[in-house]
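The values are calculated or read from the model by the stated rules, or taken from the named source; none is laboratory data. Quick caveat, the model's predicted, so the values are computed rather than measured. Positions of Cβ are generated from backbone atoms using ideal geometry, with glycine treated the same way; all protein chains shown enter the neighbour counts. Ligands, DNA and RNA are stripped out before the accessible areas are found, and what is left, the full protein with its side chains, is counted by its heavy atoms. Shrake-Rupley method; radii C 1.70, N 1.55, O 1.52, S 1.80 Å.
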Amino acid sequence: MTQHPLDTLITRLPKAELHLHIEGSLEPEMMFALAQRNGVSLPYADVAAVRAAYQFDSLQSFLDLYYAGASVLLTEQDFYDLTWAYLEKAHADNIVHTEIFFDPQTHTARGIDFAVPLAGIRRALADGEAQLGITSKLIMCFLRHLSEADGFATLEQAQPYLAQIDGVGLDSSELGHPPSKFARLFARCAELGLPAVAHAGEEGPASYIWEALDLLKSRRIDHGVRCTEDPILVQRLAAERIPLTVCPLSNLKLCVVNDLAQHNLRELLAAGLCAMVNSDDPAYFGGYLNTNLLACRAALNLTQNEIVQLVRNSFEASWLSAQAKQNWQQRITQMLNP
Ligand code: ADE
Ligand code: ZN
């Protein structure tokens, strides 16, 4: 079958990914290999059984498996291998810049030193830049189902390594854990010079997006798809060009939307928002970045202008230098006008 011309464009365009949990890129094959290497037992007979278990009806039903899966990650080499596997996938998708999340508390709670995941991820990111030409940022997420005091303890452990951490984020179970719970922690992060992002408006209400902006000073909103329930909020997001890191296949798998054809991605763009597409936890949600874009193209019948806007937004919303952003925008212009 011949490829849709816009699908060719999607695969060829250089792209930035801004919403990717590195622990969510743990493919079942690697989960089994690391379990064996580390003598960890898994509650699954084989890789097929793991995949069969990936049927979610909510964010929490996914998080339960995601945290269980992360239990195979023990050594610096494990985190290197995990991150390197993602970077190879990213390279195949023509991702040229990626800003990835890691969840230190998922690992320190199991007795792993804070420095271990950081060193493995950082070493892979350095190799990714040297060998694949992929630039990157690393964002440390706090788990919102834990206490703010736990977050402060994690920030304390991070202190010797702040030069290796480009920003902070907020993830995990959203409902019942509003951004306001972490206002003091994020104020302290701001004092330390760490820019913030936060998951908000995935399962939680639009009010959580307001809180992320006003109380956490979040520079981007991760997901944010429920903003369209509040027209005043949409106006503010558009006026301030606050990016939304949208993750369509994640929204589908976690039942944030029932059908990709009903996703509000096009509505977000039409409202003038700086939205772009990301893969979130690709090993769990059935696809990396290009798969997300291709699925949206097909389900929403996206136009070339919409696709190009999404990709341009990915660079605009990144934490690349102004010069690097301009270079990528020019490269896109050249590709469209050969
Ligand atoms: N952690 C990993 N993926 C997540 C998501 N989609 N929402 C909240 N926390 C997460
Ligand atoms: Zn996420």
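Computed with a 1.4 Å probe on the full set of protein chains, the accessible area for ARG236 sits at about 50 Å².
Looking at the calculated P(r) for region 153-209, what percent of the C-alpha pair distances fall above 19 Å?
Values: 505 of 1596 pairs.
Looking at region 153-209, the distances longer than 19 Å represent 32 percent of pairs.
Select from region 157-240 those GluC sites (Glu not before Pro) which occupy a DSSP coil region and have at most 11 other Cβ atoms within 10 Å, ordered by residue number. Those that pass, being in a loop and sparsely packed, are GLU240. Here region 148-167 and region 200-234 have alpha carbon centers that stand 24 Å from each other.
Based on every Cα atom in region 5-336, Rg and the maximum pairwise Cα distance Dmax equal 18.6, 53 Å. The phi-based Karplus calculation (6.51 cos²θ - 1.76 cosθ + 1.60; θ = phi - 60°) puts the 3J(HN,Hα) values of region 199-209 at 5, 7, x, 8, 9, x, x, 4, 4, 5, 5 Hz, whole numbers, x for Gly and Pro.
More than 25 angstrom separation, counting every C-alpha pair in region 238-338; what % is that?
On the way: 976 of 5050 pairs.
Of all Cα-Cα pairs in region 238-338, 19 percent lie more than 25 Å apart.
Per the Debye formula on identical point scatterers at the alpha carbon atoms of region 98-200, with no solvent, log10 I(q)/I(0) at q = 0.20, 0.21 Å⁻¹ is -1.02, -1.11.
Using C-alpha pairs below 8 Å separated by at least 6 residues, the relative contact order for region 5-336 is 20 percent.
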